[in-house]
């Protein structure tokens, strides 16, 4: 049985629609005029979903045109009761139009976010449903959030192949006519206290939400919430003596990733009409006096830059096992978290981070041009990302912009600085429980943390720039690592905690590479020695609240990973772990 594609809102039965679909390119955009969505239309090729057509795993393995079409005949029965059928897409890049049995059911814009649509009225009585998807992905649209997807035909420098069309799971589920559509858990400052919010697909007068919470198989807490206008919310106080005597035992940390299981039911007149499984962790994040705080205590971040890119399947994870192993390798290397870089985490990967204990800085894909269109599209995707992922205890920070990607003149442009401020404040409004970094790397405008990208290969330079809080602040105010100003003149307030959010980047590979990163070594001993000395210098730098090593794996022409692209360590993993931990 495959892992549930939405681990924090599960029902017992769901329909997996991945696998072989019909496929066609539409280079001249004839499909709409020629009505390719009609039921009797057959496409001339096949593709394995959810792998993008650029990837070998898809069975296509070629750079596609800007428009592609998919079709699948799926066995989904039409409910004979008032139940509904909801069709879910994990991600389709970039604009998706969906038809079921010739009926247009939805349009979605945004290449990295999930969407769902009720398809009940379009279903046929015979149970054979023709699902057709048209995906439009402009290859050179620089105002389209694309992350590290290259706009050129072949990857160059730090960019990778495009990810066109369907690239995350497609699935369906049969749900009650009124059902729980969304759930959100938010830890509050007081140990054992959290806010729960449940959202129905439509109002249902006289209904209630009941919640049963379990810890290690034992019933821990029960609650009943009234529903008003299709929503229910409450602050739950999970009373247990351990919150007073040993709060660390029940609070989530990477060292002790305690998770509570939950069963959430929608009831009418005491009868359950919908029931879902979920889970949460109790933890808080914050900052103080130059430190990152986890559960009100200073916590030093040891992050790896995660590109989440596989040679055979690209941005689509190849399997549940690969996702699980990725998280395990990060832990085995000695990191306590990751920065998910320029892509949006698979919910299954966030579950593994929750379960194993890894904190996550969450990026969103960047556009490469500043315009009204780019800003609207970026902020729209951010709203969907926060809505989907805000309940994961592993996620501790949202990173609105990477460096000056999408805001190329942010150092001097008032408009672009205001765009960063707008994104920062929007994310703080959507989720005040997490850290928000307005722009990370250089030319800081706003944020709870100031991220610095500094690829010096000299431990002595690290100490000179960040060895004490005073030195680090002076570097931020006057220094120029990489020739970039680290903080714009209009930034207000004191310098927040500083994290070296990209450093290292040492390349070591026996394969031919077109881009070697920020420093190159020739053998295993040099590689381990370089990593060890760089990490040690950063870890002892009193002016830093943490670091993010670039990067976890080799990715296409980038050969600066601790692991190669097949997830094999470039040196004995015990030695790399000792280097990361400084032991």
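Relative contact order for the chain: 12 percent, from Cα pairs under 8 Å spaced at least 6 residues apart, divided by residue count.
Residue 124 to residue 29: FRET efficiency via 1/(1 + (r/R0)^6), r the Cβ-Cβ distance, R0 35 Å, to the nearest 0.05?
The value I calculate is 0.75.
Please report the antiparallel percentage of DSSP beta bridges with both residues in segment 290-431, rounded to the nearest 5. Percent antiparallel among DSSP bridges in segment 290-431 is about 20. Between residue 188 and residue 237, the distance separating the two model label sites (each 7 Å from Cα on the Cα→Cβ line) works out to 0.9 nm. When DSSP beta bridges are restricted to pairs lying wholly in the chain, around 75% turn out antiparallel. Per-residue Cβ neighbour counts within 10 Å put 179, 13, 291 in the sequence 13, 291, 179, beginning with the fewest.
Multiplying each eigenvalue of the alpha-carbon gyration tensor of segment 213-258 by 5 and taking the square root yields semi-axes of 26, 12, 11 Å, largest first, rounded to whole angstroms. Cβ crowding within 10 Å ranks 207, 153, 380 as 153, 380, 207, fewest other Cβ atoms first. Taking the square roots of five times each eigenvalue of the Cα gyration tensor of segment 172-314, the equivalent ellipsoid has semi-axes of 31, 22, 14 Å, listed largest first. Rounded to the nearest whole Å³, what is the per residue volume of the convex hull around the Cα atoms of segment 15-175? Per residue, the Cα convex hull of segment 15-175 comes to 104 Å³.
Here the calculated FRET efficiency for residue 226 and residue 73, from their Cβ-Cβ distance with R0 = 51 Å, stands at 0.70, rounded to the nearest 0.05.
When a footprinting reagent is the concern and you count Cβ atoms within 10 Å, what order do 276, 498, 338 take, fewest first? Walk me through the numbers on the way to the answer.
Values: 276 21, 498 24, 338 27.
Listing 276, 498, 338 from fewest to most nearby Cβ atoms yields 276, 498, 338.
Here the calculated FRET efficiency for residue 483 and residue 568, from their Cβ-Cβ distance with R0 = 56 Å, stands at 0.95, rounded to the nearest 0.05.
Counting only DSSP beta bridges whose two residues both lie in segment 483-583, roughly 20 percent are antiparallel. Helical content alone sets the calculated 222 nm signal of the chain at -5500 deg cm²/dmol, taking -39,500 (n - 2.57) per DSSP H segment of four or more residues and averaging over every residue.
Only the coordinates and a few stated rules stand behind these numbers; no lab work does. As the structure is a prediction and not an experimental result, all values here were calculated from the model. Ideal geometry is used to build each Cβ from the backbone, glycine not excepted, and the neighbour counts take in all protein chains shown.
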